[in-house]
Amino acid sequence: MRITNNMLINNMLNNLNNNLNRMNKYQNQLATGKKISLPSDDPIVASRALKLRTDVAEIQQYKRNVDDATSWMEITEKTLGQIGDVMHRVRELAVQSGNETNTPDDLDKIRQEMEQLRIQMIHLANTTYAGRYIFSGYKTDKPLLDENGAFLMDISNSEQIHFEIGIGDDININVTGSDLFNNGTDAAAGEMSGLLDTLNNIIAALEAGDNGAVGNMLDRIDNDMNNILRVRSGVGARMNRLELTANRLEDDFINFTTLMSKNEDVDIAEAIMNLMNEENVYRASLSAGARVIQPSLVDFLK
Amino acid sequence: MSRSTFFGFDIATRGLYTAQRGLTNVNHNIDNINTPGYSRQKITQTASRPLLMADGTGMLGTGSDVTGVYRTRDLYLDAKYRSEAQYLGEWDIKDRLLEQMQVMYNEPSDSGFNAVLNGFYDTLQQLATDPSSLSVRAAVKEKAIMVAKYFNSVAAHFEYLQNDVNNIIYAKVQDINSLADQIAKLNKQIYNYEITGNTANDLRDQRDYLVDKLSRLINIQAYEVVSGKLPDGRDDVRFCVTISGKAIVDHTQVSYLTCVQREEKLNFEDINYLYDIKWADGNTLTIKSGELKGYLDIRDGNDELNGSPNFRGIPFYQRRMNEFVRVFAMTFNEGIIDIDGDGVLDNVNGHVDGYRLNSTGDETEPAGIRFFTMLDEYGNPMDSAAFAAGAGVDPTDPDYYERMYSQLTARTFSISKEILDDPSNNICTTDTPGQVGNIENLRSILSMRHNTYMFMEGGPEDYIKTIISTMGVDAQQAKTHLDNQVIMTNQIDMRRQSVSGVSIDEEMANLVRYQHAYNAAAKMIQTYSEILDILVNGLGL
């Protein structure tokens, strides 16, 4: 084949251009840390990258939801603990007041403490988390009980607030006032809360100095305490599930970010080696080109 | 036997002429070494007509003559180059434009569609955990605006690109006409020169170069046709260039192409008044390849819909994005979605079925607020009622929703006026009035994100993923085609260069050769001069 000067030059330019293209690719990879910069570089990697990004973003959001749910339920759980404590004290006092040796003065003291416990109980029923009443079902903007212990709203056990903690996976995070303070029965606005009714009755009996009546209330107190325990164990079970979910999401997050990185991140060592290699080839082709292009017969004609 | 005293001078002079002609040719070749399209020229040199000696001693040589100058060119390679260059042009354009289109989607990245949609759903999730928070509600509005703006911006960029491509098509048609004009002019010159029996080498080179250029722009065939005999018996050869069988250049005649603005859009998604390319004489033009075909496919390609080119170009992606915002908005607003994948649309709770944050327990009708509507002709978001009125039929009409949402395009996609004005109240999370902590309506909306029957391709992310990977695959394919064409045309061009290119070494060798020939011929003259000197001056009486 006859070779002309322009063929050599064109060939050299083409090859240099190819070299530069490859160098550009590796330089891009190193600068961005990504294997691809456009979907066409590798459509499969690109579409997988999109999917993984969504997955990772969702997992992060679910983690935040689980955190929120956990905070809400921790408040609930703490409040339930305090309610339990209050009820324990109520029971103690009720038992104590049944003692025949109590003087009216003693009974009045018990009544006073009982009064305070009632106020405390109403206060606990109106506990808020970040400005939201946690026992008010869907009406989180309204307190649950008035100062007498009557419901301020219609409340139903079905008013369950659900947080999404996974795709198609959600958890009920609230305890409704009706479940907790009304022995699991739906209530209408103005209706007296069952639990508070017990306390009111005890106080009324104490006021009347009727120890016998107070003693008769013990069954109702036990009943209410059992109800609180039932609710509390439900909350505990749900918190357990939250914790497991949190762990699983943490694992998922690590797995998916690892996958994402494997999918689209460049192997730095490999990219550097490739770049160095291309640099060498580029240098070699430059110097070879310089040799080939320069001399012609002109240089040797004197 | 006697002959002319000065006959030797005649022969030597012819030698000088021949050598000079050779040197001139070397000079011409070297000068044009970098002229595009130039093919090296060669002189043909023969021994001049000898004298027949009457005494039977044979023929007497009379020196040399240059009988012609020819260009070294392989016409087969030219035809081959042109048939490949048209595909080079086509894929070059497609490769370049598809790359631009990919950049518009800005994926995969941390600021593309995925990031925008994830951001929107993240704030919705936050709203689900804290539905009464005004700051989260404001954030939902902002993120929703980002989603809408993303589509507006991508659609706008596609429109700009379509407009740009349309202008380029106009310019390319002018290029083609101008090239045809120049070729016709050269035809005339070449014909005039060659009628005397010469070969118009340099003009032919120029013509071939122009035809090469033309072959990148559009599918052409170029050939010489014999149209009779000249008076001297040679063939009367004329040069023609045809596009899909119809001559654009017929010897000195040019048929121009022209751009006509469309009265009716080819694709619904097109911008107005795109150009159709026709023959100026009104005939329809079939464009099979070349840069023009690349531009047309990108501009009009809608996957063969409504007779558009069988290519996924700008209208295709506009259509896909329109389809996305329509289905997405309809699902989000109305809750109309094929929830169980049985092929029949179901109606679950959507945003219209929710109640405002400040709703009171005695309300009986949902707020009926559509979260997403569209921009009106002044660029302001429509409210739900105005958007619904755009359907033009009663809500009882079976096509009510389809008609309502078919007004929507990616370019005009927007959040509704209600959401824009008062996100605090008008984002409807509850399905029962007066319950601020109730998120059942929002949950119904959120659950659709993972409904794989929302689109044929799956959920919203799957749909966009499909669009982007389709484009990625197309762009990759264009790149592969382009790479192949580059290699093919380069290889053919190499072979052409091998035949036609000027080699400095060769020319230098010829230079030396002709220089020596010239020196030798000059030496002959000197020798004859010395002989005559002896004859005239030395043999003196």
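The values are calculated or read from the model by the stated rules, or taken from the named source; none is laboratory data. It should be emphasised that the depicted structure is a prediction, and the values quoted were computed from it without experimental measurement. Virtual Cβ from ideal backbone geometry, glycine too; neighbours counted across all protein chains shown.
What the table below lists for this structure:
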item: Lone qualifier among B:E530, B:E507 - being among the acidic types (D, E), buried (at least 18 other Cβ atoms within 10 Å of the Cβ) and more than 30 Å from B:G313 (Cα to Cα); result: B:E507
item: Candidate set: the stretch A:156-177, residues that are in a strand (DSSP E or B), buried (at least 20 other Cβ atoms within 10 Å of the Cβ) and out of contact with any Lys or Arg (no Cβ under 8 Å at 6 or more places or on another chain); chosen: the one nearest to the other protein chains (Cβ to nearest Cβ); result: A:F163
item: Flag if B:I492 is more than 30 Å from A:F163 (Cα to Cα), modelled with pLDDT of 90 or more and within 8 Å of chain A (Cβ to nearest Cβ); result: no
item: Residue tally, condition touching a residue at least 40 places away in the same chain (Cβ under 8 Å) and either within 29 Å of the chain's Cα centre (by Cα) or closer than 21 Å to B:T360 by Cβ (or both), over the stretch A:153-187; result: 18
item: A:K109 away from chain B (no Cβ under 14 Å), basic (K, R), under 32 Å from the mean Cα position of the chain (by Cα) and assigned to a helix (DSSP H, G or I); result: no
item: Condition broken by A:N17, with the remaining ones in (1) out of contact with any helix residue (DSSP H, G or I) (no Cβ under 6 Å at 6 or more places or on another chain); (2) more than 11 Å from chain B (Cβ to nearest Cβ); (3) surrounded by fewer than 16 Cβ atoms within 10 Å (Cβ to Cβ) satisfied; result: (2)
item: Residue check for A:E100: in the same structural domain as A:N200 (by TED's automatic domain parsing), farther than 24 Å from A:N174 by Cα and acidic (D, E); result: yes
item: Residue match in the stretch B:294-311 (condition: touching a strand residue (DSSP E or B) at 6+ places or on another chain (Cβ under 9 Å), more than 30 Å from B:K213 (Cβ to Cβ) and either buried (at least 23 other Cβ atoms within 10 Å of the Cβ) or assigned by TED's automatic domain parsing to the domain that holds B:F151 (or both)); result: yes
item: Top-ranked residue of the stretch A:120-152 - restricted to ones that are in a loop (DSSP other than H, G, I, E, B), facing chain B (nearest Cβ under 9 Å) and not charged (D, E, K, R), ranked as farthest from the chain's Cα centre (by Cα); result: A:S136
item: Counted residues, the stretch B:104-129 - those being surrounded by 20 or more Cβ atoms within 10 Å (Cβ to Cβ), at pLDDT below 90 and either aromatic (F, W, Y) or not in a helix (DSSP H, G or I) (or both); result: 4
item: First in the stretch B:97-126 and more than 7 Å from chain A (Cβ to nearest Cβ), second anywhere and in a loop (DSSP other than H, G, I, E, B) and of a type in the set (S, T, N, Q), Cβ under 6 Å, 6 or more apart; result: B:G112/B:N106
item: Filter result for the condition that a residue is crowded, with 16+ Cβ neighbours inside 10 Å and under 30 Å from B:E461 (Cα atoms), over A:A57, A:A125; result: A:A57
item: Any hit, the stretch B:81-89, residues being within 16 Å of the chain's Cα centre (by Cα), more than 8 Å from chain A (Cβ to nearest Cβ), over 24 Å from B:D164 (Cα atoms) and part of a helix (DSSP H, G or I); result: yes
item: Filter pass, B:A410 being surrounded by fewer than 17 Cβ atoms within 10 Å (Cβ to Cβ), modelled with pLDDT of 90 or more and more than 14 Å from chain A (Cβ to nearest Cβ); result: no
item: The listed residue being on the phi < 0 side of the Ramachandran plot, of a type in the set (D, E, K, R) and at pLDDT below 90, out of A:R2, A:R48, A:R22; result: A:R2
item: Residues located in the stretch B:211-236, provided they are touching a residue at least 60 places away in the same chain (Cβ under 8 Å) and assigned to a helix (DSSP H, G or I); result: B:V211, B:D212, B:S215, B:R216, B:L217
